[in-house]
Amino acid sequence: MGGEVGLPIGGKGGLLELRGWGLAEHWFGYGVTATAEGPRRVVVLARRVFTRPPGAGWAALLREATGRTEPDWCGADWAATEAALGTALPGDYKDIVDAFGPGSFDEYLDLLVPGALGTDLVSWGQDMARYADLYRPHPVHPAPGGVLIWGTSEQERTFHWLTGPADPDDWPVLVQYVGGEWQRFDCGTGEFVLRLLTDRTPPFAFPPSAGPFPHWFASWELPES
């Protein structure tokens, strides 16, 4: 391998066989190439780079990443939710909620969902003004440019949108850490969640991306009686 993207694996003789797998932030491969001297064994190591397939929705990519096969949840009244909060919400967040419902990604990121017991997006959002000091230097929604929470974690961090006059689909994500520090991610909710789970490159590199284990979604929806 050489250069930024490496040399052709098969060389001039061509690739005879290749088997590969992903592990954390790398791709590993083992194969055989044809050379003038005969077959040659090769080992390939490459960094995994985050890419979004053309036309793929974030909720669908998260379903694939977590192996989720359950039908869509579709339990949120979005018109009532947005009226209660006084703002439209990002479309990719609504798609994720409709696909997954209440629960946690890798037991690391707990999704706030309208109407969910203990993790109701509306209740959490409306309560933020009572604890405005915790969100400094940012104002809280509905103040102009205020932050609006959409996720929590037992790992002592919370996940927010930086609201504003722009289309909600363009709101960046802000992560607040236990010491009060803030980190901005210039991407939407869907991209952020997927990269939190799978991308080990800065500025992401959150703990769920570090291991080779499969990702999952733990649903908190109570079964029907």
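The values are calculated or read from the model by the stated rules, or taken from the named source; none is laboratory data. Keep in mind it's a predicted model, so treat the numbers as computed, not measured. Counting neighbours? That spans all protein chains shown, and the Cβs are built from the backbone with ideal geometry, glycine included. Surface accessibility is based on the protein's heavy atoms, side chains included, excluding ligands, DNA and RNA. Shrake-Rupley method; radii C 1.70, N 1.55, O 1.52, S 1.80 Å.
What shape does the range 105-225 have by the C-alpha gyration tensor, where a ≥ b ≥ c are the square roots of the eigenvalues, rounded means a/c under 1.5, and otherwise prolate means a/b greater than b/c and oblate the rest? It comes out oblate by the Cα gyration axes. Largest first, the residues HIS215, HIS160 sort by 1.4 Å accessible area into HIS215, HIS160.
Nearest 20 debye, what's the magnitude of the dipole of the chain about its Cα centre given +1 on Lys and Arg Cβ and -1 on Asp and Glu Cβ?
In total the dipole reaches around 1140 debye.
Largest GNM mean-square fluctuation among GLY91, GLY103, GLY118, using the chain with Cα springs under 10 Å: GLY118. Got a sec? Charge dipole of the chain, +1 on Cβ for Lys and Arg, -1 for Asp and Glu; which of ALA88, PRO54, PRO137 is way out at the positive end? So the residue furthest toward the plus end is PRO54. Of all the options ALA59, ALA80, ALA99, the one that moves most in a Gaussian network model of the chain with Cα springs shorter than 10 angstrom is ALA80.
May I ask for the percentage of alpha-carbon pairs in the range 137-187 that lie more than 16 Å from each other? That tail contains 35 percent of the Cα-Cα pairs. Computed from point charges on the beta carbon alone (+1 for Lys and Arg, -1 for Asp and Glu), the dipole magnitude for the range 40-160 about its Cα centre is near 900 Debye. Sorting TRP58, TRP161, TRP220 on solvent-accessible area from highest to lowest, probe radius 1.4 Å, gives TRP220, TRP58, TRP161.
Treating r as the C-beta distance of ALA143 and TRP220 and R0 as 25 Å, the FRET efficiency rounds to 0.25. Computed from point charges on the beta carbon alone (+1 for Lys and Arg, -1 for Asp and Glu), the dipole magnitude for the range 92-185 about its Cα centre is near 380 Debye. Computed across the chain, the Kirkwood radius stands at 19.7 Å (inverse of mean 1/r, all Cα pairs).
Cut-off 10 angstrom, C-alpha nodes, Gaussian network model of the chain. Which of THR119, THR81, THR33 fluctuates the most? Among THR119, THR81, THR33, the largest GNM mean-square fluctuation belongs to THR33.
Each of VAL193, GLN176, PRO203 was placed along the dipole of the range 148-225 (beta-carbon charges, centred on the mean Cα), and the one lying farthest toward the positive end is PRO203. Select from GLY164, PHE28, VAL113 the residue farthest towards the positive end of the dipole of the chain; place +1 on Cβ of Lys and Arg, -1 on Cβ of Asp and Glu, and compute about the Cα centre. Farthest along the dipole direction, towards plus: PHE28.
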